[in-house]
Amino acid sequence: MAMTKQEKLDAKAEKAYEKKHRRKYKLTTGDIIFNILNYGFFGIFTISCIFPFYYIFINTISSRSAVTRGEVLFYPIGVTLKNYLDILKVDDVFRAFGVSITRTIVGTALMVLATGFIGYLVTKEEMWHRKLWYRFLIITMYFNAGIIPWYMNMNMLGLTDHFIAYIIPGIVAPYNIILVKTYIESIPGELEESAFMDGAGYLTVFWKIVWPLSRPILATIAIFGAVGHWNSFTDSLILMQNTPKLYTLQHLLYNYLNQATNIGAAMNSGDSAAAAAAAEMLNNKVIKYTVAMTSIIPILLVYPFMQRYFEKGIMLGAVKG
Amino acid sequence: MKEELSPREQTANKLYIPLRILMVLSAVLLFFPAINPALMITSAGQAKVSGTASLFTCAVSYGSLTDGLNRAFRVGWISQGLFVMLYIACVLLVLGIAAAAAAGCMSAGNRKLKNLGNFIAVAGGAAQLVGSVLILVFYFLMIDSADMSKITMRFPNAVWIYIVIGVAVLLLSIAVMILVPKADKGEHFAIESKYKLFLMIMPFLVLCFAFSYLPLFSWRYAFFDYTAGGEISWDNFVGLKWFKILFQNEAYTKRLLTVMKNTLAMSGLGLLTSWLPMVFAIFLAEMKSTKYRRFVQTFTTIPNFISWVLIYAIAFAMFNTDGFINTLLQSFGVNATDNYLGGNSHMWLKMLAWGTWKGVGWSAIIYISGIAGIDQQLYEAATVDGAGRFQRMLHITLPGLLPTYTVMLIMSIAGILSNGMDQYLVFTNAQNKYSLEVLDLYVYNLGIGNGDIPLSTVVGMMKSIIAVVLLFVANRVAKSVRGENIV
């Protein structure tokens, strides 16, 4: 990961500090034992966090016969992309991947746009009953009616078994509104004022000034929002009960892992021989790993970008209104 | 500077209040299936025609208006032409209400905008009235033309609501149209900025209302004898029957007790180990190598961003019958074929382990930044005074992190009933389902799995109320401990 200038300076200062102190205090035996244990523990724990992903990955790129014989343990054998090509042929996986990608992109984009705009509006003191509306939005973080009333409500609004049920409920996100509002409040007001002097309206000021200036916080909520969308599974499970073609990738994987719906895949391809072959294929554990891997890879791809926003992101759990 | 209003305009402003309320009311009513005059056929032949679409849905899609009637059309029990007309009436009604709502927004503007708004409101009110009267007319036409031996119909009582509102909106908007004076020639459309800002945020308030407040209205299912796909009406109102059943019926009470035991056990184990992230951060900070620290931090955070389904996929790959552990043992010649994910032993501890593995790296971040904020001079001073490593950890780092820890602990005590259901759902199998069923999962199993909407609503409702109370208590406690609100 690239270090910023400040971080580089910090590291340098730290090293100089260590050097100075190493001369002053020699490591005692106790220190050495402590360090071995400490470094060892963190090393093992870190490996436990990496190895499962690596293990799944090498299984998916190894030849199937090697996996069946139980030879693939620490490195791939007979490297092949056959598994990945095979799952492309399963309509269900392909479609679920599409649903997940679409909801992630569209859902996140709308959420960020709306949150930016709401965050801007609630900083405007002159709004009619501003405090009341702000509280109205924020208080929803602290209660919820429960999952069944929520489901019945979605049912009542006619959103069950529709794709938009993934998107619309997530547009107003109170946590994120607080983050954006706090950030916008820290932007100096002069720019905005001068724009108003020039006759700009609220929309222009928001779009031309506030939006570009709050990019760091918007990027934070975008990336956390996207991960949330990609990982969400309960809403697919509850809202799409009658519409398997709208299952998200996570939901599909859950079904595969439970071996419940291999018939579903089989029914998609018309003739029974192909159906049997498809069902057979999905029963293979390596195919399950491959589906899992396709759903992990996007997260791992955005992960390096996410790290930059951890400090702000952790606030997601610890902010106050 | 406020302009002096003429008495006529003052009267108009007073009339605007009920008018706006009616506009909002009719717009909200559109989304309630129970108040949908367009669904007037209850059954066709053997088939029961489901009535779950709202008027808005019906006006958007013809398909949901004629849901379940295709056979009736084919056989000729009802004329399809009449339904097309009914659909047009629905669209007219909905457009009228939408226009009236837009006019309601305009009424916040200056005179010129008000003039335009009043004109639209009159048109909208008229459309609403015509639409709802047409629906009534088609009802009678349908009774005449349909094959009544096959078709059963009910009188759409809801149509009266729309007719009454339509008449009221029409009369009131004609009144304000007369009362509000014409705008001056040179006037431009304008709204005072306080109302403008409100109108901008209003769509989001509506969304928030629809998905966060409106579900509270579904708590009503707790008091009715409702079965999935059915309807609720005063005929199947049962009062507190489900509450009584939950606490008096032995089977339910027993299951609820097990569920509570699981919930509190898992939350309790979580609370008992809630110091782990803090200790993780403290020991991580003891490592001198920045690179190594960064490496550890980077990779121990990843599992937090992986969904529980994928965590289960990982568990599956490692601990299944032919997973990593068994394959490894077999390569040493051990005959290992255990499925570590099956069975019902130590489920609580296993869940705790998975939860910790997934979350500890991420939860540690807040403490890591806390440690970075501790004054380095404290450490230097302590070292000069002869404090060892552990003494510094115990007397400087730990006290520096305790306020954060306290807040985190109080928050997790407030969330003691909410374990979430994802983790327990994915790890559930036939053997362990009773030791993994926490409250959230129980509600899901009861409501979605068994289709027992009323009872699961009762459970969810009590949970929600207790959770809010706990949160308030936690906030009080935090305030007295730290002198600051956490909510």
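General observations
- Within the range A:53-87, the chymotrypsin sites (Phe, Trp or Tyr not before Pro) that combine a DSSP coil assignment with at most 11 other C-beta atoms in a 10 angstrom radius are A:74.
- With every protein chain in place and a 1.4 angstrom probe, the accessible-area ranking of B:216, A:157, largest first, reads B:216, A:157.
- Listed values for the range B:319-334 are Karplus-derived 3J(HN,Hα) couplings in whole Hz (6.51 cos²θ - 1.76 cosθ + 1.60, θ = phi - 60°), namely 10, 6, 3, 10, x, 4, 4, 5, 4, 5, 4, 5, 5, 8, x, 7, and x replaces Gly and Pro.
- Extension gain, residue B:71 back to residue B:225 (0.36 nm per residue minus Cα-Cα distance, nm): 52.4 nm
- Straight-distance crosslink candidates among lysines, where the alpha carbon sits under 30 Å from residue A:288 and sequence neighbours closer than 8 are dropped: A:82, A:89, A:245, B:350, B:358, B:433
- Projected onto its three principal axes, the C-alpha set of chain B covers 90, 69, 44 Å, listed from the longest axis down.
- Other residues within the sphere of radius under 15 Å centred on the Cβ of residue A:234, judged by their own Cβ, net out at -2 (K and R +1, D and E -1).
- Solvent-accessible ranking of A:229, A:129, largest area first, probe 1.4 Å: A:129, A:229
- Averaged over the residues of B:294-300, the number of partner chain Cβ atoms lying within 10 Å of the residue Cβ comes to 6.
- Under a Gaussian network description of chain A, with springs only between Cα atoms under 10 Å, the residue in A:124, A:285, A:12 that fluctuates furthest is A:12.
- Here the Karplus relation 6.51 cos²θ - 1.76 cosθ + 1.60, evaluated at θ = phi - 60°, turns the backbone of the range B:167-178 into coupling constants of 4, 4, 4, 4, 5, 4, 6, 5, 4, 5, 4, 6 Hz, with x for every Gly and Pro.
- Cα long-axis angle, helix B:276-285 against chain B (0 to 90 degrees, to the nearest 10): 60 degrees
- For the protein assembly as shown, the Kirkwood radius over C-alpha pairs fed into Stokes-Einstein at 25 °C and 0.890 mPa s yields D = 80 µm² per second.
- Residues with amide H under 5 Å from that of residue B:388, placed H, sequence gap 5 or more: none
- Note on residue A:131: aspartates and glutamates with a C-alpha under 16 Å away, same-chain residues under 8 apart excluded, are A:185.
- Ignoring the sites themselves, chain A has its longest run without GluC sites (Glu not before Pro) in a DSSP loop having at most 13 other Cβ atoms within 10 Å at A:127-321.
- Along chain B, counting only GluC sites (Glu not before Pro) with a DSSP assignment other than H, G, I, E or B and at most 15 other Cβ atoms inside a 10 Å radius, the longest segment between sites is B:232-483.
- Carbon plus sulfur fraction of accessible area for the range B:82-183, probe 1.4 Å, in percent: 79 percent
- This model, with +1 at the C-beta of Lys and Arg and -1 at the C-beta of Asp and Glu, gives the protein assembly as shown a dipole about its Cα centre of some 1400 debye.
- Helical segments meeting 20 Å axial Cα length and Kyte-Doolittle 0.0 threshold in chain A (DSSP H): A:29-60, A:91-121, A:215-231, A:285-307
- Degrees separating the helix B:250-272 axis from the principal Cα axis of chain B, which is the longest one: 50 degrees
- Peptide-level mean, for A:113-126, of C-beta atoms on other protein chains within 10 Å: 3
- Net +/- balance of residues flanking residue B:82 in space, Cβ distance below 14 Å, scoring K and R +1, D and E -1: -2
- Amide H contacts of residue B:153 (H built 1.01 Å from N, under 5 Å, at least 5 apart or other chain): B:42
- Contact order relative to length of chain B, as percent, for alpha carbon pairs under 8 angstrom and 6 or more apart: 14 percent
- Chain A, relative contact order [Cα under 8 Å, separation at least 6], %: 24 percent
- Whichever lysines have a C-alpha closer than 17 Å to that of residue A:5, once near sequence neighbours (fewer than 8 apart) are set aside: A:15, B:291
- Viscosity 1.306 mPa s, temperature 10 °C, Stokes-Einstein D of the range B:7-191 from Kirkwood C-alpha radius, µm²/s: 91 µm²/s
- Helix-only CD estimate at 222 nm, as mean residue ellipticity for chain B, using -39500 (n - 2.57) per DSSP H run (n ≥ 4): -21000 deg cm²/dmol
- Applying the Karplus relation 6.51 cos²θ - 1.76 cosθ + 1.60 with θ = phi - 60° to the range B:453-459 yields 3J(HN,Hα) values of 5, x, 5, 5, 5, 4, 4 Hz, where x marks Gly and Pro.
The values are calculated or read from the model by the stated rules, or taken from the named source; none is laboratory data. The shown structure was predicted, so the numbers you read here are calculated from the model rather than taken from an experiment. A quick note on method: Cβ atoms are made from the backbone with ideal geometry, for glycine too, and the neighbour counts reach across all protein chains shown. In case anyone asks, the SASA skips ligands and DNA or RNA and just uses the protein heavy atoms, side chains included. Shrake-Rupley method; radii C 1.70, N 1.55, O 1.52, S 1.80 Å.
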